[in-house]
1. Would you point out the residue of segment 87-135, among those that are among the polar types (S, T, N, Q) and in a strand (DSSP E or B), that is surrounded by the most Cβ atoms within 10 Å (Cβ to Cβ)?
2. For Val110, which of the numbered conditions (1) under 20 Å from Ser137 (Cα atoms); (2) out of contact with any Phe, Trp or Tyr (no Cβ under 7 Å at 6 or more places or on another chain) fails to hold?
3. Take Ile79 and tell me if it is assigned to a loop (DSSP other than H, G, I, E, B), closer than 16 Å to Trp143 by Cα and not basic (Lys, Arg).
4. Can you find even one residue in segment 19-39 that is in contact with a Leu (Cβ under 7 Å, 6 or more places away or on another chain) and of a type in the set (Lys, Arg)?
5. Lys113 - would you say it is over 16 Å from Val144 (Cβ atoms) and either at pLDDT 95 or above or of a type in the set (D, E, K, R) (or both)?
6. Out of the residues in segment 49-70 that are among the hydrophobic types (A, V, I, L, M, F, W, C) and assigned to a helix (DSSP H, G or I), state the one that is farthest from the chain's Cα centre (by Cα).
7. Which count do you get for residues in segment 1-21 that are surrounded by 11 or more Cβ atoms within 10 Å (Cβ to Cβ) and either touching a Ser or Thr at 6+ places or on another chain (Cβ under 6 Å) or not in a helix (DSSP H, G or I) (or both)?
Amino acid sequence: MVYKFKGKKFNEFKVGDKFTTASRTITETDVVNFAGLSGDFNPIHTDEELGKLTPFKGRIAHGMLSVAVATGLANQLGIFEGTTIALLSMTINYKGAVKFGDTIHLELEVVEKKETSKDDRGIVTFNTIIFNQKDESIVEGQWVVMLRN
């Protein structure tokens, strides 16, 4: 038997649809691993004593780590499984910092759909907001995704 992907196709999304992911706590291990993977060893992420001198009063997670985790959380929803052709663009606006131990989740809202010249695909635009455990907006943006029809 062939596996049937659970992802939603272009024609199944409706403007106004909203999706909320599960949550995930950002740990020191996550930050250390991301620094090693990305090569970004900026002291704001790796030096607690320097971090104490900043407005954050301690180290903070990489902004891109939060976005990367959010993409994983979005994929765990299953709505993109087997139906995504390409992530066409991602707009990122940082509104706050993620501290070690913060728990984040993502909310996506369909704000636009565009048909393409090919019948087997379409483009969906999602407004995205990453929230921390206090329901503070940490990252706001937009994802433009090409999906199978």
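1. Kept after step one, since they are among the polar types (S, T, N, Q), are these residues of segment 87-135: 89, 91, 93, 103, 116-117, 125, 127-128, 132-133.
Still in the running and in a strand (DSSP E or B): 89, 91, 93, 103, 125, 127-128.
Values: Ser89: 11, Thr91: 12, Asn93: 11, Thr103: 13, Thr125: 18, Asn127: 16, Thr128: 22.
Among residues in segment 87-135 that are among the polar types (S, T, N, Q) and in a strand (DSSP E or B), the one surrounded by the most Cβ atoms within 10 Å (Cβ to Cβ) is Thr128.
2. Val110 satisfies all of (1) under 20 Å from Ser137 (Cα atoms); (2) out of contact with any Phe, Trp or Tyr (no Cβ under 7 Å at 6 or more places or on another chain) except (2).
3. Yes.
4. Within segment 19-39, one or more residues are in contact with a Leu (Cβ under 7 Å, 6 or more places away or on another chain) and of a type in the set (Lys, Arg).
5. When the stated conditions are applied, Lys113 does not pass them.
6. Of all residues in segment 49-70, those among the hydrophobic types (A, V, I, L, M, F, W, C) come to 50, 53, 56, 60-61, 64-65, 67-70.
Restricting the remaining residues to those that are assigned to a helix (DSSP H, G or I) gives 50, 64-65, 67-70.
On the way: Leu50: 28, Met64: 9, Leu65: 9, Val67: 4, Ala68: 6, Val69: 6, Ala70: 3 Å.
Once the filter is applied, the top-ranked residue is Leu50.
7. Taking segment 1-21 as the starting set, the residues that turn out to be surrounded by 11 or more Cβ atoms within 10 Å (Cβ to Cβ) are 5-13, 15, 17, 19-21.
Next, only the ones that are either touching a Ser or Thr at 6+ places or on another chain (Cβ under 6 Å) or not in a helix (DSSP H, G or I) (or both) stay: 5-9, 13, 15, 17, 19-21.
Here the count works out to 11.
The values are calculated or read from the model by the stated rules, or taken from the named source; none is laboratory data. Remember, predicted model here, so these are calculated numbers, not experimental data. Positions of Cβ are generated from backbone atoms using ideal geometry, with glycine treated the same way; all protein chains shown enter the neighbour counts.
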